[in-house]
1. Scanning for something assigned to a loop (DSSP other than H, G, I, E, B), among the aliphatic types (A, V, I, L, M) and within 20 Å of residue 311 (Cα to Cα), does the range 224-239 turn up at least one residue?
2. Please verify whether residue 115 is under 30 Å from residue 54 (Cβ atoms) and without any contact (Cβ under 8 Å) to a residue 24 or more places away in the chain, treating the condition exactly as stated.
3. If residue 107 meets every condition in (1) more than 32 Å from the chain's Cα centre (by Cα); (2) open to solvent by less than 60 Å² (accessible area, probe 1.4 Å); (3) closer than 29 Å to residue 218 by Cβ apart from one, which number is that one?
4. Looking at the range 218-236 only, could you name the residues that are closer than 30 Å to residue 205 by Cβ, of a type in the set (A, V, I, L, M) and open to solvent by 40 Å² or more (accessible area, probe 1.4 Å)?
5. If residue 314 satisfies every condition in (1) open to solvent by 30 Å² or more (accessible area, probe 1.4 Å); (2) over 23 Å from residue 138 (Cα atoms); (3) of a type in the set (Phe, Trp, Tyr) but one, which is the exception?
6. State the number of residues belonging to the range 317-326 that are at pLDDT below 85 and either within 15 Å of residue 257 (Cα to Cα) or open to solvent by 90 Å² or more (accessible area, probe 1.4 Å) (or both).
Amino acid sequence: MSHKDHVPLWILLLASIKVCYQIHVTNTTLNFLLKRPNIRVLNYRPNAVNLTWDTEVTSEIDEYEICYNFSYRFLDKTTWKKEILTENYRIVYCHLHPGFIASVSTARCEHFSIVFEGNTTEYVYHAPPVYISNVSCAIYNVTNLNCTWEWRNDSPSDAIYSFALRLYDKTLACKQYLKRHGRNTGCHMKNVFPKESNDEIPKIRIWFFNNLTRFSKTFQTGVIELLNAPTNISVTSVNENTKLEWLSPPSLNPVSSDCFQYHIRVTEMQTKQIIKNISDVENHEYVFSDLEKDKSYSMQIRAKKIYCAKSKYWGAWSQPVFIDKDKVIFPTWIIILIIAGTSVVIVFLLIYLFRRYVKILILVAIPDPSEKLKLSLASSSNINAQRCIAVHNEQPVPITEIEIVGSLMDSQECQDSNSNII
């Protein structure tokens, strides 16, 4: 190989050395110009801290796109959250965390990608003490909200927090607290969400506050909603199989019917044992082909959001639907109607018997004198009257003393009889 053949190789080598030298010099220059940022607190906000930092951006680096590599983690967590910012400030919400560690570095970026990064600065923030934990909320019956929390063991006995819900740019104070040992441990709010509305409520924010501090916690409504039972449940018999059908339950936010997952429970009536527990049903129907013909069953169903939102809770169970031994299907309302009808018949029968027999025993009527007695009294009165008339018409004759006494007695009887007749 001649000397001329090595010329292109030497040229390539010199060019590579020049480029590497320029990159090294450029990075060294940037490392000098991208100084360590100075982090400070711009202001304190409710439940949050507004951080800012100063960087000495000189004319030498005006030609570069400057950004900031920002990351932080809460003191009670191990996971770091990272992001690239173009402004030199960031609001960190503490929520119920005791504080956070923030790290910031100035960097050269291209299309939000870091090309070169300077030295970092860390800042530790300790939030005012929060004495409650395990805050949990649930939306149920579409319109109601129920939240609970626990007090830490090191909380002062006089620590008090009030509760409020932030919704539609309005703050709704709690009117019904749940208490334990004299302390607020929960709040129940009724009819705070619209039952029928086209406006979605993707998230809610709850607040805790007292004279010293206040903090908040945010919940996604689709995650904490406790759904009602599915509606229009029906069971039909198809080719000796049992087919269960239903409609999606009502929800706070209008969603597609494909958003839900369903859980079906089948109970054998005689033994009261659950023989089927199916929790991964995605359609609005399910066919049972292995139910025994000589047994009776009850079926229930519940739902939760799984695709449009990761629901935290299963919803409420539906009323059972029954199938008897002959596979005759009847809903719960028929049983309720039979029981109610039987109860009404029994009540009316008891009222009838009470009015018929108790009245006879208590209110006995006094009988009238018999007809024979009335006739006897009337005959006796007529005889006495006739005797009196005969005595009055008789001529006076001499009588003995005994006869005088008898006549006097007869006269007295006549007077008495006449007075009775009159």
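The values are calculated or read from the model by the stated rules, or taken from the named source; none is laboratory data. From a predicted model like this one, the values you see are computed outputs, not experimental measurements. Note that we place each Cβ from the backbone using ideal geometry, even for glycine, and neighbour counts take in every protein chain shown. Surface accessibility is based on the protein's heavy atoms, side chains included, excluding ligands, DNA and RNA. Shrake-Rupley method; radii C 1.70, N 1.55, O 1.52, S 1.80 Å.
1. Looking for residues that are assigned to a loop (DSSP other than H, G, I, E, B), among the aliphatic types (A, V, I, L, M) and within 20 Å of residue 311 (Cα to Cα), one finds at least one in the range 224-239, hence yes.
2. yes
3. (3)
4. 223, 226
5. (2)
6. 2
Every residue, every condition in (1) closer than 19 Å to residue 99 by Cα; (2) modelled with pLDDT under 90; (3) out of contact with any Lys or Arg (no Cβ under 7 Å at 6 or more places or on another chain), yes or no:
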residue	(1), (2), (3)
122	yes, no, yes
128	yes, yes, yes
135	yes, no, no
147	no, no, yes
151	yes, no, no
159	no, yes, yes
164	no, no, yes
168	no, yes, yes
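One line per residue, one yes/no per condition, for (1) in a loop (DSSP other than H, G, I, E, B); (2) loosely packed, with under 13 Cβ neighbours inside 10 Å; (3) in contact (Cβ under 8 Å) with a residue 24 or more places away in the chain:
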residue	(1), (2), (3)
249	yes, no, yes
252	yes, no, yes
264	no, no, yes
271	yes, yes, no
275	no, no, no
283	yes, yes, no
291	yes, no, yes
300	no, no, yes
309	yes, no, yes
